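Some notes on the structure that comes next.
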Amino acid sequence: MTKSKETNVEALRDAIVTFDVDRIGSIAQQALKEGVSAYEAVMNGMAKGMETVGKRYQEGEVFLAELILAGETFKEGMKVLGSHLKNSDAWYRGSVVIGTVEGDLHDIGKHIVASLLQASGFEVYDLGVDVPFDRFLEKAKEVSADIVAMSAMLSTTFPNMRAVIEEIAKAQVHTWTLVGGAPLNADSVKSLGPDGYGKDAVEGVNICKQWVSKREQVH
Amino acid sequence: MLKNHPKDDMITALNLREPERVPVAPYVDYTYASKISRRKVSEVILGSNELKASVLLQAYERHHYNWIMVFDNPPRDWRQNVTIKDLGDKYEVQNKDAGERTFLLPKDGTSIYPVGDVTVENAAERFELEIVDRDDILREGRCEVTKIVKMRAGSEALVTAVVGAPFGEVLLRLGLTQGATCLYRKPDLVRNLCDLCLRRYIEEAAALSEAGAEAFWVEEVFAGTDTISPKHYEEFALPYERSQVQALQRLGKPVILYFCGNPMPIIQNIAKTHADAFAFEENKKNIDVDLERIKDVLNGEACLFGNFDAINTLTTNPGEIEEKVKQMILKIGRGGGFVLGTGSPITKTVQPENVDAMIAAARKYGRPSSA
């Protein structure tokens, strides 16, 4: 990569890390003008910036508000770069069906996770809130989802989460199940039986990345 | 033979002295109270103020804890100004009045207000509309639940009105995405909205005080470090918490600040609000709320509410509950200035016998250390 292209990629990375939601669009356009491929701009620029923010979040240097803002900055950048990504570009990692289970109308956590998944190259199918248990499997089959992710704020929805996990296991589809949410802890998760539990949004997304990379290695 | 009334024990603890028994102040809202009355939650929420008060009083009479929380005081004729759509397993309640909000109401669950119902463009205007003068609040019957509860049980239990906190309300109404962006891009808007909220809450508190509220429970829902940085807490949330606490204390009533989320990195600052008492959530969202450390920081200058686990422990069995209450009281409940509270609202999956067990254990182990 030429020095000029490197500078542009760095500028994209920095824009994410400094939450420059106002300028990232023009920085992305400049990068394309200078010959940086959209793939390079996303993978080595913005996605690296998101990784940095994610790491800082887990180390307690930045907080949820900054994580959200980084995700929004990423989305703004993708408005410019997304349409320039070619089908052959290996940006997309996999697909995730996400929703808040039936009986629960809270969506903040789900929204944050969905945003970070998109910023990490996942195709996200957001079913919304109060989702009946069979809808998760139905959608997962329809889109051949790699992962079904469920969020909950209310412990009263645990039976519904369990129902989703059991349905997916019975159907024998190649779909991992991930859960997250305020009332969950290691003990309650054991009784639900998902493949993974994210204690926060960043951990949840990292688990998803690990799963799909395992699948790529197997194939 | 107990000399003090249950309410006296609450007041004694809030005044940082040691009561005859550790008082118990569980978070009982309409969700659990409706269960005791064998009614659906939606029936109560959509019902009259008289029904709301009666349900809270029935729960109190069932358990005889030391306080009664009062919430959701809509205007007397509020049903005339809403349209209610039946969506099957829930209702959509739309307010025709621009100053009120639309919410969803599961048929057996509590109201869910949409997060992010205002935009950067209309937020200030909406918040202005929501400021109602104290006299109008009283005239419209918005404090009837408080009045009825005070009349019927005010001699026995501390009538405590629940109010929001400015910063948390602003973040809730803007939504986390818009709110996070505004903290960085439009800080003046955030401050302006907090100012407007503060004005609204002060008017509401004045009316509630006149109606009979004897204490205030201020809920700060989005200011913990699981959401915002310590810097943003200090800049945006703390000044308004302080102002609100001072304003409510000027009404002559103690203020309990219920701080949701992670308080630990900012506990020294939270203490600077100078609330009369502090309450926190139970350990969840991977947050370890260290009450022993919090007690050290408060240094005997404020009352501490125990955050008994309403989610995982109160759903177990009386034996385990008794043991956990005993541990909590032995660790931080001796010497006065302590109230056994729950970290979050009691849900409808909790058996009443478990609540009884929690209260009985507090009364058994919560005697003065000299006894």
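Here is how the numbers come out for the structure above:
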quantity: Qualifying residue in segment A:70-93 (condition: modelled with pLDDT of 85 or more, among the small types (Gly, Ala, Ser), touching an Asp or Glu at 6+ places or on another chain (Cβ under 9 Å) and surrounded by fewer than 21 Cβ atoms within 10 Å (Cβ to Cβ)); calculated: no
quantity: Qualifying residue in segment A:2-16 (condition: touching a Leu at 6+ places or on another chain (Cβ under 8 Å) and under 20 Å from A:SER115 (Cβ atoms)); calculated: no
quantity: Conditions (1) of a type in the set (A, V, I, L, M, F, W, C); (2) within 28 Å of B:ASP135 (Cβ to Cβ); (3) not in a loop (DSSP other than H, G, I, E, B); number of the one not met by B:LEU238; calculated: (2)
quantity: Residue match in segment A:169-179 (condition: within 10 Å of chain B (Cβ to nearest Cβ) and at pLDDT 85 or above); calculated: no
quantity: Segment B:294-322, residues that are surrounded by 14 or more Cβ atoms within 10 Å (Cβ to Cβ), among the charged types (D, E, K, R) and more than 14 Å from every other protein chain (Cβ to nearest Cβ); calculated: B:LYS295, B:GLU322
quantity: Members of segment B:255-290 that are hydrophobic (A, V, I, L, M, F, W, C) and part of a helix (DSSP H, G or I); calculated: B:MET264, B:ILE266, B:ILE267, B:ILE270, B:ALA271
quantity: Scope segment B:333-350; condition away from every other protein chain (no Cβ under 14 Å) and either closer than 13 Å to B:TYR32 by Cβ or surrounded by fewer than 20 Cβ atoms within 10 Å (Cβ to Cβ) (or both); matching residues; calculated: B:ARG334, B:GLY335, B:GLY336
quantity: Of all residues in segment B:17-48 being within 15 Å of the chain's Cα centre (by Cα) and farther than 18 Å from A:THR156 by Cα, the one that is surrounded by the fewest Cβ atoms within 10 Å (Cβ to Cβ); calculated: B:PRO26
quantity: Any hit, segment B:230-245, residues being within 14 Å of chain A (Cβ to nearest Cβ), of a type in the set (Lys, Arg) and either in contact with a Gly (Cβ under 9 Å, 6 or more places away or on another chain) or over 25 Å from B:PHE305 (Cβ atoms) (or both); calculated: yes
quantity: Residue that is nearest to the other protein chains (Cβ to nearest Cβ), among those in segment A:180-201 that are closer than 19 Å to A:HIS106 by Cβ and in a helix (DSSP H, G or I); calculated: A:SER188
quantity: Some residue of segment B:264-277 being farther than 17 Å from B:TYR233 by Cα, surrounded by fewer than 23 Cβ atoms within 10 Å (Cβ to Cβ) and modelled with pLDDT under 95; calculated: no
quantity: Filter result (acidic (Asp, Glu) and within 14 Å of another protein chain (Cβ to nearest Cβ)) within segment B:115-131; calculated: B:ASP117
quantity: Residue check for A:MET43: away from chain B (no Cβ under 14 Å), hydrophobic (A, V, I, L, M, F, W, C), outside any loop (DSSP other than H, G, I, E, B) and surrounded by fewer than 19 Cβ atoms within 10 Å (Cβ to Cβ); calculated: yes
quantity: Selection within segment B:237-248 - crowded, with 22+ Cβ neighbours inside 10 Å and either basic (Lys, Arg) or more than 11 Å from B:THR273 (Cα to Cα) (or both); calculated: B:LEU248
quantity: Qualifying positions in segment A:21-40 - within 14 Å of chain B (Cβ to nearest Cβ), modelled with pLDDT of 95 or more and more than 23 Å from A:TYR92 (Cα to Cα); calculated: A:ARG23
quantity: Options A:VAL97, A:VAL80: the member that is within 18 Å of A:ILE207 (Cβ to Cβ) and either within 12 Å of chain B (Cβ to nearest Cβ) or β-branched (Val, Ile, Thr) (or both); calculated: A:VAL97
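Yes or no, residue by residue, for (1) assigned to a loop (DSSP other than H, G, I, E, B); (2) β-branched (Val, Ile, Thr):
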{"residue": "B:LYS295", "(1), (2)": "no, no"}
{"residue": "B:ASN307", "(1), (2)": "no, no"}
{"residue": "B:THR315", "(1), (2)": "yes, yes"}
{"residue": "B:ILE321", "(1), (2)": "no, yes"}
{"residue": "B:LYS324", "(1), (2)": "no, no"}
{"residue": "B:ILE329", "(1), (2)": "no, yes"}
{"residue": "B:GLY341", "(1), (2)": "no, no"}
{"residue": "B:LYS348", "(1), (2)": "yes, no"}
{"residue": "B:GLU353", "(1), (2)": "no, no"}
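The values are calculated or read from the model by the stated rules, or taken from the named source; none is laboratory data. Note that this is a predicted model, so its numbers are computed, not measured. Counting neighbours? That spans all protein chains shown, and the Cβs are built from the backbone with ideal geometry, glycine included.
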